Amino acid sequence: MSQINSPAELEEFRQSILSKRDPDKHCITLCSGSACHASGSAEVIASIEEEIKKQGLGAEVDVRRTGCHGFCERGPIIVIHPEEICYFQIEPKDVPEIISQTIKEKKLIERLLYTDPGTNKKIIHESEIPFYKYQKRLVFGSNGSIDPKSIEDYLAIGGYAALAKVLSGMTSEQVLDEVKKSKLRGRGGGGFPAGSKWEGSRNAPEKIKYVIVNADEGDPGAYMDRALLEGNPHSILEGLTIGAYAIGSHEGYIYVRQEYPLAVENVHIAIKKAEEYGFLGKNILGSGFDFIVKVHRGAGAFVCGESTALMTALEGRAGEPRPKYIRSNIKGLWDRPSVLNNVETWANVPLIINKGADWFTQFGTEGSKGTKIFSLVGKITNTGLVEVPMGMPLRDIIYKIGGGIPGGKKFKAVQTGGPSGGCVPEELLDLQVGFDELTMAGSMMGSGGMIVMDEDTCMVDVSRYFIHFLTDESCGKCVPCREGLRQMLRILTNITEGKGKEGDIELLEELSETAREAALCALGKSAPNPFLSTLRYFRDEYEAHIREKRCPALSCKELIAFHIDPAKCQACMMCLKKCPAEAIVGGKNKIHVIDQEKCTKCGTCFEACPPRFGAVKKISGEPVPSPVPEEERIIIRKSKEK
Amino acid sequence: MSQILLQIDGKEVGAREGMTILEAAQSVGISIPTLCHHEKLEPYGACRICTVEVEVRGRTNLVASCIYPVEKSLVVRTRSEKVDRIRKMILELLLAHAPDAFELQDLAREYGADKNRFDKEASFCIHCGLCVRYCVEVRKKNAVGFVDRGTRREISFIPEIAAKECWNCKECFSLCPTSALQAAFVLTEALISPSSEPKSEE
């Protein structure tokens, strides 16, 4: 491939790609993102390719490995084009049937289709499945249709048109103005207006400037940036290059986690291809504009997602935050103006340029424009990545898209914003998602983690879990974070173990104030959030743990006990046989009793007891009833009474 | 250099551009407590004991005075109820590690800090980084550094460098506010020169 030297040549080349593609030809796309890969998509695609060859369809069917489709709960997912037939949870053994039935005979395979849990009807097309139907997939939508390793796939869907538009007809001021007008806010956590950040760097006197992609996604359960990098790396490169043009930078960095091998691989391929085609390097598209991108792999520190720590790490030093009284867009990497934006923020840029700020601002709320990708995980029926317009109520995300809480359980809270975010309770479910809305509710947007919790979740334990995470991930430089979190974790652990005492809540509040007001970086300042937001909405749970030594969610091991109700026990031996600690005494026709000394509270008996008996009880905050005397344990069954 | 006028504890102070609040305060005899600060070293901003209240454009914020650059018309309060409360908490957190350090005890008296508020975990080091930074910035030897992160962070001499450089220097010793450094050094000394170890019985 020779370089593309002008926007006109790019269009010509795009047309030549499209002319070679027959829209009516069968194409099987298969999700090959990390999540589906873990569910066996590599084996599935191998058998698809083999089967196509075997059935002699090589010339009639294309196979494409795409990025993440989002519905990870049901992976591996395949979509058969042009009909857009969507099959879920495919295993290699399903493949011969798919090829012979659906491809050859044009027949649907019912069992592989999605069943609507409400109506029990089968749904054929992706766009009709509730999980997808209510989404607005502007940024994430192309993920499922292109091969991330193929630049031609990206060009076929209009890739690099925004870059061509910028380089051929817009001044850098115009680009900046468009981004400012779009009111795009940073998708990585802070929600800072991207345009203002760019403008600061642009106006800074220093000549050498940098643009950086923050792909150090580290929130537990969040993987939207990974999916974008793996599935559509060129969109990020295109956005980054446009940003570089707007601020006058000629060097960019992608700081990506080492733990994302597929993302690293696909980004490297994308950069190489973009250089080959002339979208990166010298004199891009004949415009005279030069720009190069380098990849830096992070070594696994959560704190390096913080902008100053990331830049320190990029400079080759230990990733510790530095004081930020002068913003990094003025004095950042190597003390030069540096625009750092998150993966998703950069991926929004080509859209804004292509379709205009006016188009972009029609989505969202007053303060938050466009869409946001959330990673919907936890106690939710449809686990996966969802992209919704800003302003969608949490309730719609959780129930309409997420399909509600599995197992007939009750919703309790949704944790947003990563470890330093907060928990939003049921009474605020109608809250519209947006930067300011979530902050006002005591949580935050963060990078888009959304962990759903049901009634079995103990909120004190949730707070302990996140504080533990942050204690591990603190860099350890400043006292309020390093020492404050150490003590907070100790107190919270005590509370969940029934060793809480009066005054603990107040001490935690005081430690929170010190961290919030005096910590060095954003990680430390927001570290008390998991505690503060759970205290705000679930104070009663803290008090029950401390005062009554009771865990209302029946979750904290040290505070619960298992007990068999003698009136309900049918002496079926199920729990007795399954107890791994051999803590259950009893026998045939003899009521079972749990030896509290031996019990490890693993909950196996609770699961094992047939629901029609429901004899095993979980209790907390009350003494375990004393076992029935030995002589009263015999069950005399009526049928055998004669 | 242009003169910047700001107000510290109600007093008009003229400062040079690029000065920190701490330096401006010290120049007029207003004292702000510090633990990780040293005039020969780059500002570090880790102990946060020098936290002060500043008012910028009507908003009150807490900032570390050892790194915050002076601004025109800045209003600084070096003591306030909140500032004192935070300093007290920082001292209590540090006293759990170094209950006998004189510098901490003096400050504890000033701010009413209780050295028994948190369970003792006597590691002695309070991670001020004076030894580490002095060795890097002034001596340029890198013989002592931080290892690990978060609550597991500690200082450690690098035996290969320490064996060569430290015998005739030991300038960092007097900087240590809690004498943790000596302990670490003695340990390393033992490790790098087995001849100084007591001979095991043969």
Exercise. Between B:Q182, B:Q26, B:Q105, which gets the highest mean-square fluctuation from a Gaussian network model of chain B, Cα cutoff 10 Å?
Worked result: B:Q26
Problem set entry | Relative contact order (percent, whole number), chain A, Cα cutoff 8 Å, 6+ residue spacing | 11 percent
Exercise. Toward the positive end of the charge dipole of region A:506-642, about the Cα centre and with charges on Cβ (Lys, Arg +1; Asp, Glu -1), which of A:Y542, A:P530, A:P623 goes farthest?
Worked result: A:P623
For this session: Please pull out the direction-averaged projected area of chain A, using the convex hull of its alpha-carbon atoms, in nm² to one decimal place.
Result: 33.4 nm²
Exercise. Farthest toward the dipole's positive end in region A:406-490, which of A:G417, A:L431, A:P406, given Cβ charges of +1 (Lys, Arg) and -1 (Asp, Glu) about the Cα centre?
Worked result: A:G417
Seminar exercise, completed: Total charge of the residues flanking A:V628 in space, meaning their Cβ is under 11 Å from its Cβ, with Lys and Arg +1 and Asp and Glu -1, is -2
Problem set entry | Binned Cα-Cα distance frequencies in region B:130-196 - 5 Å width, integer % | 4, 17, 30, 28, 15, 6, 1, 0
Seminar exercise, completed: Computed ³J(HN,Hα) along region A:21-30: with the Karplus parameters 6.51/-1.76/1.60, θ = phi - 60°, integer Hz and x for glycine or proline, the list is 9, 9, x, 8, 6, 4, 9, 9, 9, 10
For this session: Can you tell me the FRET efficiency between A:E543 and A:E259 if r is taken as the Cβ-Cβ distance and R0 is 35 Å, rounded to the nearest 0.05?
Result: 0.35
Seminar exercise, completed: Taking a ≥ b ≥ c as the square roots of the Cα gyration tensor eigenvalues, with a/c under 1.5 meaning rounded and otherwise prolate when a/b beats b/c or oblate if not, region A:151-361 comes out rounded
For this session: Could you pull out the trypsin sites (Lys or Arg not before Pro) across region A:165-268 that fall in loop regions by DSSP (anything but H, G, I, E, B) with no more than 12 other Cβ atoms inside 10 Å?
Result: A:K207
Seminar exercise, completed: Compactness check, region A:371-454: C-alpha Rg relative to the 2.2 N^0.38 Å globular estimate gives 0.94
Seminar exercise, completed: The summed charge of the A:A227 Cβ neighbourhood (under 11 Å; Lys/Arg +1, Asp/Glu -1) stands at -4
Exercise. Which of rounded, prolate, oblate describes region A:459-547, given a ≥ b ≥ c as roots of the alpha-carbon gyration tensor eigenvalues and a/c under 1.5 marking rounded, otherwise prolate only if a/b is larger than b/c?
Worked result: prolate
For this session: Add +1 for every Lys or Arg and -1 for every Asp or Glu among the other residues with Cβ under 12 Å from the Cβ of A:E60, and state the total.
Result: 0
Seminar exercise, completed: Length-normalised contact order of chain B, Cα under 8 Å, at least 6 apart, in percent, tallies to 16 percent
For this session: Pick out, from A:H296, A:I236, A:H250, the residue whose Cα sits farthest towards the positive end of the charge dipole of region A:151-361, with +1 on the Cβ of Lys and Arg and -1 on the Cβ of Asp and Glu.
Result: A:H250
Exercise. Given Cα pairs under 8 Å that are at least 6 residues apart, what percent is the relative contact order of region B:80-122?
Worked result: 46 percent
Exercise. How many Cβ atoms of partner chains, on average, are near each residue of B:55-67 if near means within 10 Å of its Cβ?
Worked result: 2
For this session: Pull up the cross-link candidates among the lysines for A:K617, meaning alpha carbon to alpha carbon under 20 Å and not fewer than 8 places away within one chain.
Result: A:K409, A:K410, A:K549, A:K557, A:K568, A:K577, A:K578, A:K590, A:K598, A:K601
Exercise. Once amide H atoms are placed 1.01 Å from N in the peptide plane, what residues at a sequence separation of 5 or more from A:M445, or on another chain, have their amide H within under 5 Å of its amide H?
Worked result: A:T439
Exercise. Hey, got the dipole for the protein assembly as shown? About the Cα centre, +1 on K and R Cβ, -1 on D and E Cβ, debye to the nearest 20?
Worked result: 840 debye
Exercise. Once phi is turned into θ = phi - 60°, what whole-Hz ³J(HN,Hα) does the Karplus curve with 6.51, -1.76 and 1.60 give for every residue of region B:22-37, x standing for Gly and Pro?
Worked result: 4, 5, 4, 5, 4, 5, 10, x, 8, 9, 10, x, 9, 10, 9, 8
Exercise. Of all DSSP beta bridges located in chain A, what percent are antiparallel, nearest 5?
Worked result: 60 percent
Seminar exercise, completed: Rg from C-alpha atoms of region A:36-122, normalised by the globular rule of thumb 2.2 N^0.38 Å, equals 1.07
Problem set entry | Equivalent ellipsoid dimensions for region A:132-207 as semi-axes, Å, which come from the Cα gyration tensor, largest first | 27, 19, 12
For this session: For region A:86-101, just list the computed ³J(HN,Hα) in residue order, Karplus coefficients 6.51, -1.76 and 1.60, θ = phi - 60°, integers in Hz, with x standing in for Gly and Pro.
Result: 10, 10, 10, 6, 7, 10, x, 5, 7, 4, x, 5, 4, 5, 6, 7
Seminar exercise, completed: The answer for GluC sites (Glu not before Pro) in region B:18-59 that fall in a DSSP coil and have at most 12 neighbouring Cβ atoms within 10 Å is B:E39
Seminar exercise, completed: Measuring from its Cα centre, region B:80-122 shows a charge dipole (+1 at each Lys and Arg Cβ, -1 at each Asp and Glu Cβ) which, in debye to the nearest 20, is 160 debye
Exercise. Direction-averaged shadow area of the convex hull around the Cα atoms of region A:559-640, nm²?
Worked result: 5.4 nm²
Exercise. How would you classify region B:1-149 from its alpha-carbon gyration tensor, with a ≥ b ≥ c the square roots of the eigenvalues: rounded for a/c under 1.5, else prolate if a/b is greater than b/c, otherwise oblate?
Worked result: oblate
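No value in this document is a laboratory result; all are computed from the given coordinates. Since the model is a prediction, treat every value here as computed from it, not as a measurement. Note: ideal-geometry Cβ built from the backbone for every residue, glycine included; neighbour counts use all protein chains shown.
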